[in-house]
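The values are calculated or read from the model by the stated rules, or taken from the named source; none is laboratory data. In this text, all values refer to a predicted model and were calculated from it rather than measured experimentally. Virtual Cβ from ideal backbone geometry, glycine too; neighbours counted across all protein chains shown. Surface accessibility is based on the protein's heavy atoms, side chains included, excluding ligands, DNA and RNA. Shrake-Rupley method; radii C 1.70, N 1.55, O 1.52, S 1.80 Å.
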Amino acid sequence: MQKKEIIYTPEEKKDIRQAYDEMILCIKSKFSEEDERQMFRAYEIAVDAHIEQRRKSGEPYIFHPIAVARICAEEIGLGPTAIVCALLHDVVEDTPITLEEIETEFGEKFSKIVDGLTKLDGLHNSPSQQAENFKKVLSTLADDVRVVLIKMADRLHNMRTLGAMPRHKQLKIAAETTFIYTPLAHRLGLYQIKTEYQDLCMKITNREMYSNIAKSLQETKRARTAFIESFINPLDAALKAAGFNNFKIFGRPKSIYSIWNKIKKKEVTFDEIYDLFAVRIVLDVPGAQEKQTCWQVYSIVTDVHTPIPERLRDWVTTPKSNGYESLHTTVIGPDGKYVEVQIRSVRMDEIAERGFAAHWKYKGGKEDNYNVFDAWLNNVRDILDTPDGDAIQFIEDFKTNLFNEEVYVYTPNGDLKILPKGATALDFAFSIHTDIGYHCHAVKINGKLVPMGHQLDSGDQVSVITKKTQKPTEAWLKMVVTGRARSKIRSSMKEEKRKQGEFGMEALQRKFKNLKIDFEENSDILVKYFNFQSRVDLFYEISMERITINNVLKNFNIENGKLVEIEVEEVDVEIPTEKESRRSRKDKFEGKSQLRVAGQNADEYNYQLATCCNPVQGDDVFAYLTATAGMKIHRTSCPNATHMMAHYGYRIMKAEWVGTTKTDFVAELLIVGIDSGRGVIQQLSNKISNSLGLNIRSFYIDGHEGYFEGKVSLLVKNKNQLDKAIQALKVEEGITSVTRID
Ligand code: MN
């Protein structure tokens, strides 16, 4: 012990203690002396356990658990139990402290949470490692939501301190965050955390755009503040004149990420986005008067500023299924600018910002809101219930149900059912009861027969007609979107597959018996060889005669009763078409690629540029090792990047451009403009080929109602050249926008 003590400098020891004391001050709930003793004990254990660890930035590791505890207290509003667990969240994984010791010291309640926070072992580099970990986290969600809330805090602190990490790790962590933590934060109503995740991720994957928007926001701040004032002042006066005294009214800036989203979605520039902020009115009123008061305020707001009726959203009467309650309207403010106004009570505001965590506080007050989460947790349990569910699929299902908005439909009795947007009649059947789903024969919506895959609209009244002999088929999977229905159909299919696979299993058993080798062990070797999920798939494929046992075994030797794959030279493994296409690429483009992957010259890796995002030299890129087609280079902003990084993070390698190159890269532009009927193609081709000196590979153009949309594929040397081309095309007459296609 004493030998360890010297590892923290006296200065550090002081800072650590100070960080702890400051964290304790952030706890909002009351706590007992016993709580205090336990938190301090957890602190002491963590300080001691992490003594030999430092973070990438060089600071002692212990600052991390303390910071996580602080986020739990300050930003999520959690109490002493969560603080103890946050302080201990990394000790089991990273230090000699065991779960048993934590249980002895603090009790089972604590060790269970810490267990949930500890990553799974022994799955390193398995494609589903990440997914298994997520699944574990989500399983604990159904037992104790605090585990996930602490995980959120952990992730947030890691994201905030990502600067010291190497670039490829940053990308991987950002991808995971986008893939699972952001939707989860959304679903748990942790609005502030979700927003910060999105901004921090964007800062990593799209640095350039992030700083551009941040800069523009800064530059326009003064004008915006003045505008908000001119909007708010008459409102404030009108509210006071109507006798309202306990309220706050203020402008809230939108996040950089959401602004970026608008720019992309609406294909506008920063200057064209009018609603860079929303105005919020928060009313301090007793629970019973909330709804009535919100509508009174709505009435005053729309007296002062003209509303746009289609933009009225009433989440007070029917909260969103993540608990969000608020009354939204968009009105026309000074200078004819649209402004979104959000009207809500203090309680609603707290729930909107802190979501689930705030629900505990109001749990006693208004049962309805709590039930929204309760119902959702039941859904989580349903998805988790699926026997031997595959983790990656589980996450996919989970996500479908995470991010979606919802539709409100009714049973024939008039009971309300909330389903994710896009849910079908068949989803509805499964949401009523598994058996009703299994035997769903026909569905009526508002009294009319519809196909089972029919998408539901809010307000539909749905009734299901069942038939005993009916059972799920593979086609059903395409007719549902909810995790519950998918997992139920899938497990039914799996059972069916298992039955059909029995023949294959017996055939393999006979074969292995003849060869005098163990059935279980060698079956698993084949499962791995084919990259199947389970033996069921192997047996099924053999049954269906898509795999011939004797042919497969040609690839194996038997050594000590075990199948051993015969080593094949790498050349033979490669897919010929890939090889050929690469050769032709190399012929066409002379010169070195000037790309480095993991510090090596990329040519050593036989890479290809991904065609989904067409990177050009100068883009932010990463390398991805595919299972069958060698290495591909993608842009970090590639729409597929998130998925790849989250699922197959271990296949990601760092890639960077060095120097300049003679190589040509393909880049695709989307050009939108007004069709003046004077030969747009000619005008643009001239500009591109003659003035800019670039080669056009293809040019498609499509016009409608005086507008045209063109897709042009260009050969450029680098990003700089591409950016210049975009700028030059933008200022051409009649051109509305020029954007690079992701
Ligand atoms: Mn951690």
>> Keeping every protein chain present and rolling a 1.4 Å probe, give me the accessible area per residue for the stretch 10-211 in Å².
In response: 42 Å²
>> Please list, in order, the residues from the stretch 307-340 whose amide nitrogen is less than 16 Å from a point placed 7 Å along the Cα→Cβ vector of N233.
In response: 333-335
>> Taking the Cα of N261, stepping 7 Å toward and past its beta carbon, and measuring to each backbone N in the stretch 198-224: which are under 15 Å?
In response: 198-203
>> Taking the full set of protein chains and a 1.4 angstrom probe, give the accessible area of D518 in square angstrom, rounded to the nearest 10.
In response: 80 Å²
> Using 0.36 nm per residue, how much length does the chain from A475 to T736 gain when fully extended, once their Cα-Cα distance is taken away?
Replying inline: 89.6 nm
>> Just to be sure I follow: if Rg is taken over the C-alpha atoms of the stretch 453-524 and Rh is the Kirkwood radius over the same atoms, what is Rg/Rh?
In response: 1.24
> According to a simple spin-label model (label point 7 Å from Cα along Cα-to-Cβ), what is the distance in nm between K109 and E495?
Replying inline: 4.0 nm
> Hey, what's the Kirkwood Rh for the stretch 10-211 if you take every pair of different alpha carbons, in angstrom?
Replying inline: 17.4 Å
>> So if each residue of separation counts as 0.36 nm, and I subtract the Cα-Cα distance between D524 and E208, what length gain in nm does that give?
In response: 109.0 nm
> Given the convex hull over the Cα atoms of the stretch 219-364, what projected area results after averaging over all orientations, in nm²?
Replying inline: 9.6 nm²
> How much of the accessible area of the stretch 212-272, probe 1.4 Å, is carbon plus sulfur, in whole percent?
Replying inline: 51 percent
> Once Rh is set to the Kirkwood radius over Cα pairs, what Stokes-Einstein translational diffusion coefficient, in µm²/s, holds for the stretch 493-564 at a temperature of 10 °C and a viscosity of 1.306 mPa s?
Replying inline: 131 µm²/s
> Within the set K471/K511; K30/K291; K266/K478; K254/K632; K136/K194, which residue pairs have Cα atoms separated by over 25 Å?
Replying inline: K471/K511; K30/K291; K266/K478; K254/K632
> Heavy-atom accessible area per residue, the stretch 219-364, 1.4 Å probe: how many Å²?
Replying inline: 48 Å²
>> Let me check something: with ligands and nucleic acids excluded, how do M452, M202 order by accessible area (1.4 Å probe), largest to smallest?
In response: M452, M202
> In the stretch 252-300, which GluC sites (Glu not before Pro) fall in coil by DSSP and have 15 or fewer other Cβ atoms within 10 Å?
Replying inline: E267
> Given R₀ = 56 Å, FRET efficiency for I696-H441 by Cβ-Cβ distance, to 0.05?
Replying inline: 0.50
> Full extension from R381 to I549: what is 0.36 nm times the residue separation minus their Cα-Cα distance, to one decimal in nm?
Replying inline: 56.5 nm
>> Given a Förster distance of 35 Å, report the FRET efficiency between D275 and S713 from their Cβ-Cβ distance, rounded to the nearest 0.05.
In response: 0.50
> Which of the peptides 720-729, 550-559 is most tightly packed, and how do the rest follow, judged by the mean count of other Cβ atoms within 10 Å per residue?
Replying inline: 720-729, 550-559
>> Between the stretch 270-314 and the stretch 92-116, how far is it from one alpha carbon centroid to the other, in angstrom?
In response: 48 Å
>> How large is the direction-averaged shadow of the alpha-carbon convex hull of the stretch 64-123, in nm²?
In response: 4.3 nm²
